[in-house]
Amino acid sequence: MRFVETSQVNALDRTPDKTRLAACGYQCIRLYDLESNCTAPIINFDGVQKNVTRLGFQEDGNWMYTAGEDHRVRIWDMISAPPHCSRVFDCQAPVNAACLHPNQVEIAMGSQNGGVYLWDVKSEVHEQLLPEVDASIQDVAISPDGHYMAAGNNKGNCYIWELSSSPNQHLSTITARVKIPAHNRAILRCKFSPDSRMLVTTSGDGTACIWKIEDFSKWCELVIKGYWVWDAAFSADSKWLFTASSDGIARLWNLKTETKKSIRDYTGHTKAITALSFKDEIVPD
Amino acid sequence: MATYSNQHWLLSHIRNSFISTDDTGICETVMLSDDMPKQYLRKFQAAANAQAAQGTTQDGYRRAQQRHQQQQQRRSTDTASSLPSQHVPPRIADAPFHDVDFVCYPGLDLSDDEDLDTSTHSFDIQMYPEVGAHRFRSNTAQKLEKLDIAKRKAARIKSVNYNEEAQPPQRQDFFKRKQLPSKPAKQATTEPAEQQQSKLTAQLARSPQQTQNRFMEYARFDGTAQVGMPTKRINVYVNMLPEPERNYPLKICVLSTAKIIEVIGLVCYKASLQHPDVLQLKSVQHYALYMTEDNDDMDDFPPLDNREPCSKFGFSHLTLAERRPLAPVTRIDYHTQPGTKSMTSEEEDKGALADAAVQALQHISLNGDVPDSAASDQLDQVKAYEQSLLNHSDMMEAPISASYRLSLIDKRFFKCDVNLVVCWERIEIDQLKNVKFWTQKKFVSTPIEFVAYCEIVEQKQLKALMRIWLKAKSNSGLATSCTSAPMDASSMTLNTSSASPSSPPFGGSPFGLFGGQTIRFKHYDFDTDVHTAEKICRKLNCILVMRASELRKEFLRLRQRQTSVTSAGSSAKKQLKL
């Protein structure tokens, strides 16, 4: 499948029914059909002026969010025949990252001016945080159990907040927890493991670090020397980790062994891998 | 324009179109007998000839036109009066011969041969004998079709306007808050998580630990996995396979950007996947791609250069075989000299270099040139062998004329750029630019018989002073009288040159006796870079050796005696100095 000539892929996500793949990049949002052999997109977004940095689907696939450097995060109604925009949030600065809360109504966003936002899509209330001035937030993540929110910036620092909510409350309450000086260079991705006990941060310094949420200490470091680690994805049981790096190799790491060496390399890409999407399931006993 | 209103041309065109577009060929058989346009043509020509015979000065065609106009006028008046049915246009073809009278298309009478006459054919319809009656579509048609396909493809893609205004969802439950389980106790989470198993874990447990294919890194050059990248399809015969498989090529699709070494890697990868049991492959450096006929006969050409991109070559069939030991000529050359750039690609590791050297050595010992001995000896012998091979190639190239650009040193001070040509018969020195001081300089050509020796006198880091010794033609000792060397400023007798420590004096009475007369040597000094100097020296001396030059022998004999004398009486006064 060929995305576009002019852009890298910033983010990939699949619909929950695994039939469609969405990809975004510079001036481009495209949806592909995964069930046919057709490599042409089935839906193309026109008139995108700027870089689109993130996208993702709501867990039923009812709507999709996109975050772009046009300062806006948009919610797209995917049930209606041609998808249409149903909500817009203006971050006042190019948006680098967006992430959906597991409660499916709140979206965390990170912007280039260093702001972190939590936005309730339903009631349209939001809260803004500024963890560090003169730093650009590169990625945000919310743990699958909904208790933590993490944001990594271009200085290599990772901030973690605790989220709590009570019934009848619109927006989760945010409490700052910890700042981790995670990497020497910019953080490119942060992601929580499905069991919400680990956080992985990938960076331009050629490492991916896994942090224990229990005490926010570094648990291990995966090294891909000399290359940027662009993206990472855990398996559903949090025992394995995939990494995507600029050497064009996707690696699979076994997190249960002592020696941290990739057990499988997936070669085939001729250029850097900048995004990956992995959907795993728990096998019922 | 005129053609479409010309009935004769139209008739011819329709006929040709029928014949050329009919794949069955029946049209041609049917229409063969009555070639109407041709018959009209004959009739028209006959009429024209008849008129020409009447003695008018105008040319036939213009006359015919006039006549045609007259006839048309007459006919229109006729039509008005007589029955109209006879002149209804569709029935013209049916009308008897003599009734139809129109101007023949001018090009048609150029040739009687229908097949050679292209003017009767449509330009859009071209016959290609090799494809039968099939006709190629024009570029425009192909472009239009591509546009059409793109349009149809685009129609399938749903388009969404990114900048559209937000419309709040109609349904109330569109955004539905999902209730998350309340925060469980930390101890509780540790245990069940261990027991959970994901599909990936299950899948990995099922698939055994794979041994990583050694050529895995080349898998990414597989063109079948790429979309929108230029690829190349090559059939490769793998020579290492046993008999039945060897005769069938491995069809590979490789990225056009891949280098030959990477193509070799990909072939190794594919071959090792297809024949895991029979193939025991070594490293990629052991193999080379050879040009091949499609009947899998390997050509006796050297293998394709590992560093070149495969897009450079247009071969449809190649053979992967063990690198033939013929190659070491160049291989040792590069591999035994550390610091020089590797002949093969940069990916070559040290082990491969060692492999190549060992292979080359084995080859040498097989040839009986070099006995097996210690490694250090072997290296020397390799160099000696290399030297002999280099000499061999020098000898092969000796008759070929070569030209060099260097500076001639004049009176040890002035320099001027010259072009030195060395060939089998002579050496030539030609001044490149006219400098105002040396306007008198002429082109110098010296027969090779007068050339004695060539040497590098002084060698610095980059520059070298090269000297070519010539026999001075006259024995007078006056260089100016030497006719073959008008560049008198640089030509010197040996006597004057003796001041230079590295060039001992020759000539004169004590040594310079040759054929009953004193030989005087003069020399030209050149300033150039070391590499060129070495090249010229090697070439010129090689020519002299091959010609068994007496002069050279004499020169060297004299020098030998000279050096022995000087070393014997080192402190003695230099009586040689004349």
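The values are calculated or read from the model by the stated rules, or taken from the named source; none is laboratory data. These figures come from a predicted structure and were not determined experimentally. Neighbour counts are summed over all protein chains in view; Cβ atoms, including those assigned to glycine, are modelled from backbone coordinates with ideal geometry.
Selection of first residues in segment B:156-179 that are over 16 Å from A:His170 (Cβ atoms) and more than 7 Å from chain A (Cβ to nearest Cβ) and of second residues that are at pLDDT below 80 and in a strand (DSSP E or B), restricted to Cβ pairs under 7 Å at least 6 apart or on distinct chains, gives an empty result. Residues in segment A:13-27 that are within 10 Å of another protein chain (Cβ to nearest Cβ) and surrounded by 20 or more Cβ atoms within 10 Å (Cβ to Cβ): there are none. The set of residues in segment A:12-36 that are among the aliphatic types (A, V, I, L, M) and in a strand (DSSP E or B) comprises A:Leu12, A:Leu21, A:Ala22, A:Ala23, A:Ile29, A:Leu31. Only one entry of B:Leu289, B:Leu255 meets the criterion of being touching a Lys or Arg at 6+ places or on another chain (Cβ under 9 Å) and touching a residue at least 24 places away in the same chain (Cβ under 8 Å), and that entry is B:Leu255. Criterion applied to B:Lys251, B:Lys232 was being modelled with pLDDT of 75 or more and over 27 Å from A:Asp247 (Cα atoms), and the one residue passing it is B:Lys251. Among residues of segment B:549-578 that are over 29 Å from B:Ile448 (Cβ atoms), those with a beta-carbon under 9 Å from a residue that is at pLDDT below 60 and part of a helix (DSSP H, G or I) at least six positions away or on a different chain give the pairs B:Val565/B:Pro510; B:Val565/B:Phe511; B:Gln575/B:Pro510; B:Lys577/B:Asn495.
Of all residues in segment A:69-107, those satisfying the criterion of being at the interface with chain B (Cβ under 10 Å from one of its Cβ atoms), assigned to a strand (DSSP E or B) and of a type outside the set (Lys, Arg) are A:Ile75, A:Trp76, A:Asp77, A:His84, A:Cys85, A:Ser86, A:Val88, A:Phe89, A:Glu106. Screening B:Val236 with (1) within 24 Å of the chain's Cα centre (by Cα); (2) surrounded by fewer than 16 Cβ atoms within 10 Å (Cβ to Cβ) gives one miss only, at (2). In the set (1) surrounded by fewer than 23 Cβ atoms within 10 Å (Cβ to Cβ); (2) under 16 Å from the mean Cα position of the chain (by Cα); (3) within 14 Å of another protein chain (Cβ to nearest Cβ), A:Leu171 fails one condition alone, (2).
Look at segment B:448-472: where a residue is closer than 11 Å to B:Leu551 by Cβ and a partner is in a strand (DSSP E or B) and among the small types (Gly, Ala, Ser), sitting 6+ places away or on another chain with Cβ atoms under 8 Å, you get B:Trp469/B:Ala452; B:Leu470/B:Ala452; B:Lys471/B:Ala452.
Taking strands (runs of 3 or more DSSP E) that fall entirely within segment A:218-280, which contain at least 3 residues that are more than 10 Å from chain B (Cβ to nearest Cβ)?
Once the strands (runs of 3 or more DSSP E) in segment A:218-280 are filtered for at least 3 residues that are more than 10 Å from chain B (Cβ to nearest Cβ), what remains is A:229-234, A:240-245, A:250-254.
As a summary of the residue check, A:Ala186 satisfies the conditions (1) at pLDDT 90 or above; (2) crowded, with 22+ Cβ neighbours inside 10 Å; (3) out of contact with any Cys (no Cβ under 8 Å at 6 or more places or on another chain) except for the one numbered (2). Among all positions in segment A:262-270, there is no residue which is over 16 Å from the mean Cα position of the chain (by Cα) and over 23 Å from B:Glu217 (Cα atoms).
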